[in-house]
Protein chains: 4
Amino acid sequence: MSTIELGCRLVYHVEFETSFIFQISVLESRHQVIEQESLSFQPESDVRMARIGNPGHRIHRLLVQPGWFNIHYSATVSSNPAYIPAASLGPRPHAELPAEVLPFLNPSRYCESDRLEQFAWKTFGQSSTEHDRVLAVTDWVYNHLSYAPGSTGPSTTACDVFLQRSGVCRDFAHLSIALCRALGLPARYVAGYAVDLVPPDFHGFLEVFLDDDWYLFDATRLAPVDGFVRIGIGRDAADLSFATYVGNSSMNQLYVWASETGDRPRTVDSSMAISLG
Amino acid sequence: MSTIELGCRLVYHVEFETSFIFQISVLESRHQVIEQESLSFQPESDVRMARIGNPGHRIHRLLVQPGWFNIHYSATVSSNPAYIPAASLGPRPHAELPAEVLPFLNPSRYCESDRLEQFAWKTFGQSSTEHDRVLAVTDWVYNHLSYAPGSTGPSTTACDVFLQRSGVCRDFAHLSIALCRALGLPARYVAGYAVDLVPPDFHGFLEVFLDDDWYLFDATRLAPVDGFVRIGIGRDAADLSFATYVGNSSMNQLYVWASETGDRPRTVDSSMAISLG
Amino acid sequence: MSTIELGCRLVYHVEFETSFIFQISVLESRHQVIEQESLSFQPESDVRMARIGNPGHRIHRLLVQPGWFNIHYSATVSSNPAYIPAASLGPRPHAELPAEVLPFLNPSRYCESDRLEQFAWKTFGQSSTEHDRVLAVTDWVYNHLSYAPGSTGPSTTACDVFLQRSGVCRDFAHLSIALCRALGLPARYVAGYAVDLVPPDFHGFLEVFLDDDWYLFDATRLAPVDGFVRIGIGRDAADLSFATYVGNSSMNQLYVWASETGDRPRTVDSSMAISLG
Amino acid sequence: MSTIELGCRLVYHVEFETSFIFQISVLESRHQVIEQESLSFQPESDVRMARIGNPGHRIHRLLVQPGWFNIHYSATVSSNPAYIPAASLGPRPHAELPAEVLPFLNPSRYCESDRLEQFAWKTFGQSSTEHDRVLAVTDWVYNHLSYAPGSTGPSTTACDVFLQRSGVCRDFAHLSIALCRALGLPARYVAGYAVDLVPPDFHGFLEVFLDDDWYLFDATRLAPVDGFVRIGIGRDAADLSFATYVGNSSMNQLYVWASETGDRPRTVDSSMAISLG
């Protein structure tokens, strides 16, 4: 159990009336309890909260008039991830996958798993367990990609990244997801906050379905996995923009923070699989 | 109201134990009532039905041993589409879209709407209503693509089709969906049966969210839209294979049929929008 | 006949020894006579001139040591383009094309003509003459692309541009070339200087082989075609970087200029085809 | 020195008058001397031979009327490749490459070397000599691609093949070429005949410029490199179709053969580099 203080502040200049959707509030779940939370807008606006997609997801929608516009979100979260010995995770053949995880085997906009099957099986097909296979994938991604801000853009896909061998957190996650799906492992994209991420920003990572639950993985190694706080879950980053808008606006500032209060020894190694449920 | 007899028969040769998922049963909904239905397998197999994705979806899962394997599905469906005067469909600005339709604005594996925005707005931006805009899109797709079996494959995307100007029903649907999403209109892929489709096969078409419901469209003009019976709904064809399998099998035969009993004058023109709910 | 003063100045910072190839000197040809020319480097360097590719091409090669490095090129060119009435240009069927122009029918790195054939024939197949067909292509490119600096990069191809509908001069040329080749018209990329180009920069345009010579075209309409001075000719921009280098250097400044001395009425319209030979 | 008997027979059905270009005659060079040669057409046709591209290239052009059409080519070639100890090939830094080989550093339609640079340097950057680097590339291609007829098509590129990990000789050559160019080694595509190729067909391989000459390589290992007879050389397969035509025709039969007379022990190993000049 740890307590994480997190939040973000975004500043926009709105030229013409703009319809915004923000997805910055943390997901409510058993392993991730919101102790305290505040969301404020300046100028004050008429906000509607909606639930969409995965249980616990919240989005905030509002129509903003021209001028400067600020959003400030902060939360105190009790994070209580499950730590499961990786060795205890049994295999889960295709015929026994729960129906609700099947869509996460399908290729998606930024994760063209259908184009990477031969590579995936040749490279990772020998791992002895499914958990080992995921570690082999994320180790491979870590070792073969350069973390290079600016090297990719919003339409960059897993295949692009596989070719160019560089990207940012979103790209590392997309390629890992595509490779897992190519191997028959359901995998999904997670957007969230990450304690001690340098430089501070929203983070993108992945969850893979093993045995009977979703487990967290991150090929970037930029922050401890059990310090992640989830905002939302989707097929890939196409489902999880922190801000979507229709109109004419531009973002001028973005601050994101996440820190843990109290000190907790991080002794997590790859023999433990971590789940936020 | 019409009564549609439909079904399919698939024959596989299974080399090694194979885990199959079939999505061939029609979707249960208010406008599409299943009067009678049968699903049989030869040799008899232990089948599990599961519900997945959209309400009314059913998939059938089974583990098949080596040898010949047949599936036979038939159903009698009362189809009662809603016919709504297109002129009565009001606009639905982004800020007022129901939260549950928002994911169908996102780009997906085979519908890269994010790469077609400039073209879409320049070409279709002048339509006076949203319904007209969808008709302009599907007319454009009909007029600019050749229907050419064999010209595309399982990894062909809307952008590929936009370049090469040929494809089959799935490709016509993907490009129409991508263009609608690029225009801010939620759009989804529908797999189903189609009365009087020549040659008989499964069919792929699209639904677009207008005013307050999903309406059927089809850029191929190969069969009457109000003779469609839906199997399932998804982001694109990646979500809707009639058969998915893991193992080693090959399909040897595929028969699909759909016909209407009684005769019903089809007077539908583009002034009426058609919904199956 | 006109006299054009042109040149460029490039400033690099060289981190480690770098092997440079510059292609900035104008091409020597009958229609484009070099009256005066100077090329200087600071610090002074041991430069080798080489002839490569098309007759008249010159490249300059040198090995540069760490530090600041300047190149200054200036030339006075008598430009004497041939003005041919378009109506006099006869057809040139495939069987009668000179062997040496055949390679310019092949697709190239940035001009994937093989993927645009159906579109090209459907859209431009009705033109009555080959010259009209090229004008139809360049008019189409002008009317359907936005000129948008920053919207494309060094690996952007004609197909990318066809999808995204924006680009810079190089992209306008690549798409025009790809469409001409798809129509069976030999087309090549030309890099050069352009009188009155705003903002001043190197320019990229195209030449198409009609009847018995290569004629200049430009889909950007940013500068008068008969004020172009050619540096070089190639399959596409891959063959014509103004600077190529192996080592570790960065360009800090780039100035390009081209102006005509004396005033010459420009009355050129599309009924005249212009050739620099 | 060996004597190779080779040839091909192609049968077309011509629907409408068709302009054909054949490139099936072997290249004339010092190391590859044509002892005897015959080229015949049925029905007899008015053929024009032209020289295009590389010295020694010959193409044959003819206009064919509707009906059946046959081409028969056969040649006896004295092949006398140079065998150079790989260890004797010195390095050739960028600044010292002959100007005429520089275009073979540029990316081309099917060899997008510009997209594979990071991978190439990370994977092959440690080789001690340039010859070793090329062997590392062709070994890698051999070990990571499956030779799978039907897995690729005419528009498949090196990047496609790098993703999908399968292809035919042309694809093996394209990927090898792209990787060599990414490493700063001039590389070109070669079409030709290959002794003992199974099944018999035209073959595609590559040449890389090392020290002061072009050397043969082949990542498929389907036939002995010193049994290759070159037809032509180009940027990639876009430059080297054995048959190009404009009109309406279809190929019905294709026979290709190449065999060596006399027996010559093949003891070639990778310590010898082989050149046809």
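The values are calculated or read from the model by the stated rules, or taken from the named source; none is laboratory data. All values derive from a computational prediction rather than experimental measurement. Please note: Cβ atoms are built from the backbone with ideal geometry, for glycine as well, and neighbour counts cover all protein chains shown. Just the protein is used for accessible areas: all its heavy atoms, side chains included, with ligands, DNA and RNA removed. Shrake-Rupley method; radii C 1.70, N 1.55, O 1.52, S 1.80 Å.
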Let a ≥ b ≥ c be the square roots of the eigenvalues of the Cα gyration tensor of region D:153-201; is it rounded (a/c under 1.5), or, if not, prolate (a/b larger than b/c) or oblate? oblate
Provide the per residue accessible area, probe 1.4 Å, for region C:203-277, rounded to a whole number of square angstrom. 39 Å²
Using just the helices of the protein assembly as shown, give the 222 nm mean residue ellipticity in deg cm²/dmol: DSSP H runs with n ≥ 4 each add -39,500 (n - 2.57), and the total is spread over all residues, rounded to 500. -5000 deg cm²/dmol
Interface residues of region B:206-246, defined as losing at least 20 Å² of accessible area versus the chain alone with a 1.4 Å probe, are B:ARG235, B:ALA238, B:ASP239, B:VAL246
Once chain D is represented by equal point scatterers at the alpha-carbon sites, with solvent omitted, what log10 I(q)/I(0) does the Debye formula produce at q = 0.08, 0.10, 0.11, 0.16 Å⁻¹? -0.33, -0.52, -0.62, -1.28
Minimum 50 Å² accessible area buried by the other protein chains, region B:158-180 residues, probe 1.4 Å, relative to alone: B:LEU163, B:ARG165
Leaving ligands, DNA and RNA out of it, report the carbon-plus-sulfur percent of the accessible area of chain B at a 1.4 Å probe. 50 percent
What residue among B:PRO224, B:TYR83, B:VAL141 has its Cα farthest toward the positive end of the dipole of chain B, where the charges are +1 on Lys, Arg and -1 on Asp, Glu, each on the Cβ? B:VAL141
Counting other chain Cβ atoms within 10 Å of each Cβ in D:110-122 and taking the mean gives 4
Restricting to Cα pairs below 8 Å that are 6+ residues apart, what does the relative contact order work out to for chain A? Please round to a whole percent. 30 percent
If you average the alpha carbon positions of region C:50-74 and of region A:100-144, how far apart do those two centres end up, in angstrom? 47 Å
Over all alpha-carbon pairs in region C:1-67, figure out the percentage whose distance exceeds 14 Å. 64 percent
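Across peptide D:89-95, what mean number of C-beta atoms from other chains lies inside 10 Å of a residue's C-beta? Kindly include the intermediate steps, with their values, before the conclusion.
Numbers: counts 0, 0, 0, 0, 4, 10, 12.
Counting Cβ atoms of other protein chains within 10 Å of each residue's Cβ and averaging gives 4.
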Using amide H atoms built in the peptide plane, which far-off residues or other-chain residues are under 5 Å from B:LEU206 H to H? B:VAL190, B:PHE217
Between the residues D:TYR73, D:ILE52, D:VAL33, the Cα farthest towards the positive end of the dipole of region D:22-75, that dipole coming from +1 and -1 charges on the beta-carbon of Lys, Arg, Asp and Glu, is from D:ILE52
Where a ≥ b ≥ c are the square roots of the eigenvalues of the C-alpha gyration tensor, would you call region D:1-151 rounded, which needs a/c under 1.5, or, failing that, prolate if a/b is larger than b/c, or oblate? prolate
Calculate the dipole size of chain D relative to its Cα centre from +1 charges on Lys and Arg beta carbons and -1 charges on Asp and Glu beta carbons; express the result in debye to the nearest 20. 340 debye
Taking Lys and Arg as +1 and Asp and Glu as -1, residues besides C:GLN23 with C-beta under 12 Å from its C-beta add up to +3
With +1 at each Lys and Arg Cβ and -1 at each Asp and Glu Cβ, the charge dipole magnitude of region A:1-149 around its Cα centre, to the nearest 20 debye, comes out at 120 debye
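Note down the relative contact order for region D:150-233 as a percent, whole number, built from C-alpha pairs under 8 angstrom at least six residues apart.
27 percent
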Can you list, shortest first in nanometers, how far D:SER146 lies from the same residue in the other copies, with each label 7 Å from Cα toward Cβ? 3.1, 3.3, 4.4
Give me the net charge of C:LEU216's neighbourhood, meaning all other residues with Cβ under 9 Å from the Cβ of C:LEU216; Lys, Arg count +1, Asp, Glu -1. -2
Taking the mean number of other Cβ atoms within 10 Å as a proxy for protection, how do you rank B:187-197, D:83-93 from highest to lowest? B:187-197, D:83-93
Can you list, shortest first and in nm, the gaps between the label point of A:PRO199 and those of its counterparts in the other copies, using a point 7 Å from Cα in the C-beta direction? 2.5, 6.0, 6.0
Longest principal axis of chain B (C-alpha) makes with the long axis of helix B:169-182 (C-alpha) an angle, in degrees to the nearest 10, of 40 degrees
For the rotation bringing C onto A, which C residue has its Cβ nearest the axis, and at how many Å? C:GLY153, 5
What's the local net charge at D:GLN253, with K and R +1, D and E -1, over the other residues with C-beta under 14 Å away? 0
In terms of modelled amide H atoms, which long-range or inter-chain residues lie less than 5 Å from the amide H of B:MET272? B:ALA86
When Rg is the radius of gyration of the Cα atoms in the protein assembly as shown and Rh is its Kirkwood radius, what does Rg/Rh come to? 0.97
May I ask for the accessible area buried between chains C and D, both sides summed, probe 1.4 Å, to the nearest 100 Å²? 2300 Å²
Sorted from shortest, what are the nm distances separating the label point of D:PRO91 from equivalent points in the other copies, each placed 7 Å from Cα along Cα to C-beta? 5.0, 5.8, 6.7
